[in-house]
1. Pick out the one residue from E21, E6, E39 that is of a type in the set (D, E, K, R) and over 30 Å from I309 (Cα atoms).
2. Test R263 against the stated conditions and say whether it is modelled with pLDDT under 95 and not assigned by TED's automatic domain parsing to the domain that holds S75.
3. Only one of R97, R176 is over 16 Å from G213 (Cα atoms), in contact (Cβ under 8 Å) with a residue 24 or more places away in the chain and out of contact with any Phe, Trp or Tyr (no Cβ under 7 Å at 6 or more places or on another chain); which?
4. Assuming T91 fulfils every condition listed in (1) surrounded by 18 or more Cβ atoms within 10 Å (Cβ to Cβ); (2) closer than 26 Å to E260 by Cα apart from one, which condition is it?
5. What do you reckon, is I19 touching a Pro at 6+ places or on another chain (Cβ under 6 Å), at pLDDT 95 or above and among the β-branched types (V, I, T)?
6. Scanning the range 255-312 for residues that are on the phi > 0 side of the Ramachandran plot and in contact with a helix residue (DSSP H, G or I) (Cβ under 7 Å, 6 or more places away or on another chain), which turns out surrounded by the most Cβ atoms within 10 Å (Cβ to Cβ)?
7. For the range 1-92, please list each of the strands (runs of 3 or more DSSP E) lying entirely inside it that holds at least 1 residues being β-branched (V, I, T).
8. Please go through (1) over 22 Å from N190 (Cα atoms); (2) in contact with a strand residue (DSSP E or B) (Cβ under 8 Å, 6 or more places away or on another chain); (3) not in a helix (DSSP H, G or I) for D287 and return the number of the only condition it doesn't satisfy.
Amino acid sequence: MCNLIEALEAAFIAYDPNITEVPMRTGFTYDQPHNGLLEWMPLITHGYSATIKVVGYHPNNPRVHEIPTITSNISVYDISNGHLLGLMDGTFLTALRTGATSAVASRILASPQSKVVGIIGAGAQAVTQLHALSTQFNVERVLVCDVINMAATTFSQRTAFMNLPIEVVPSDERSRVVAEADILVTATSNDIGSGPVFEDTETKPWLHINAVGADFPGKIEVPYNLLRRAFVCPDFMAQAEREGECQQLESDEVGPQLYELARNPALYRAYQNKLTVFDSTGWAVEDAVAAQMMLDIAREYGIGQKVAIENLPHDPLNPYDFAS
């Protein structure tokens with residue numbers, strides 16, 4: 001986790017849109033047999049490689065299929081010839097890079113003295129969010145709530161390796177989570193049109209919110225009036241305006257993107273004593289960094305298998321050559 005946090009921060013600082021091209025993600029949404037979406041997140045670093053993540057979001061998965069809400073795979077290509085360099089799981093990497101990116105944002109915007117983490121939504125994403133924050137802050141208390149009681153009550157088991165005190169707060173008392181937190185994580189699977197997931201209530205003046213659950217038009221977690229009072233930083237502006245918390249705001253009410261903050265963190269230190277929101281919709285740069293880190297680890301330790309997925313015949317002009 002710590003290595004990924006540092007790698008992401010370095011990538012944000014080095015990001016050049018003239019070299020790295022990141023279109024907005026797109027895909028399919030459907031409601032049969034269950035609500036879900038399947039989308040792809042492409043990125044190309046000109047002169048080097050291309051990365052494409054295919055990710056599915058199906059909130060009924062844990063209950064119906066006993067698999068994660070978010071499932072994914074990532075492929076990396078050599079753009080000198082289009083050859084597939086690596087194909088890997090993206091489910092773990094998506095959770096890992098989302099938590100690590102929130103840690104980068106929190107390191108810039110949250111109070112360095114933050115000790116209380118509040119979590120609304122105690123699923124898989126919440127685990128890596130807390131893990132990442134625990135590497136950057138001296139966390140002394142964790143308040144967690146979820147509309148699904150089982151998710152909240154098992155959270156301490158899933159995060160036991162962090163040795164942090166976890167307090168489960170009833171879902172109908174989530175205002176206490178918001179009021180007592182120094183850093184608040186919202187990582188829910190709320191339905192479109194059902195947000196926000198907490199009321200605009202009293203908070204600490206320096207509260208920092210990592211809002212990671214909004215990923216579709218009409219799906220929000222943070223109250224409108226709170227957003228308007230806060231300094232709001234998106235990960236990817238064009239995408240956040242369409243499907244993140246920023247869809248509630250006008251463009252002039254949104255601050256710089258995270259990569260801009262990472263380049264000049266000193267310019268934004270004053271916000272550590274103010275209300276701030278990181279609008280995390282997921283940026284393909286994060287996936288590319290995580291995928292490259294996994295490829296490097298695989299090469300170094302001999303992990304994985306070399307598989308001839310593509311047909312690469314000895315005679316490049318004969319597609320049937322492989323059968324001869």
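The values are calculated or read from the model by the stated rules, or taken from the named source; none is laboratory data. Remember, predicted model here, so these are calculated numbers, not experimental data. Quick reminder, even Gly has a Cβ in these numbers, built from the backbone with ideal geometry, and neighbours come from all protein chains shown.
1. E6
2. no
3. Numbers: R97 fails: over 16 Å from G213 (Cα atoms).
It is R176.
4. Of everything listed in (1) surrounded by 18 or more Cβ atoms within 10 Å (Cβ to Cβ); (2) closer than 26 Å to E260 by Cα, T91 misses just condition (2).
5. The answer is no for I19.
6. Here is the first cut: in the range 255-312, the residues on the phi > 0 side of the Ramachandran plot are 282, 302, 304.
Keeping just the survivors that are in contact with a helix residue (DSSP H, G or I) (Cβ under 7 Å, 6 or more places away or on another chain) gives 282, 304.
On the way: G282: 25, G304: 14.
The qualifying residue surrounded by the most Cβ atoms within 10 Å (Cβ to Cβ) is G282.
7. 26-30, 36-45, 49-57, 70-78
8. Here D287 clears every test but (3).
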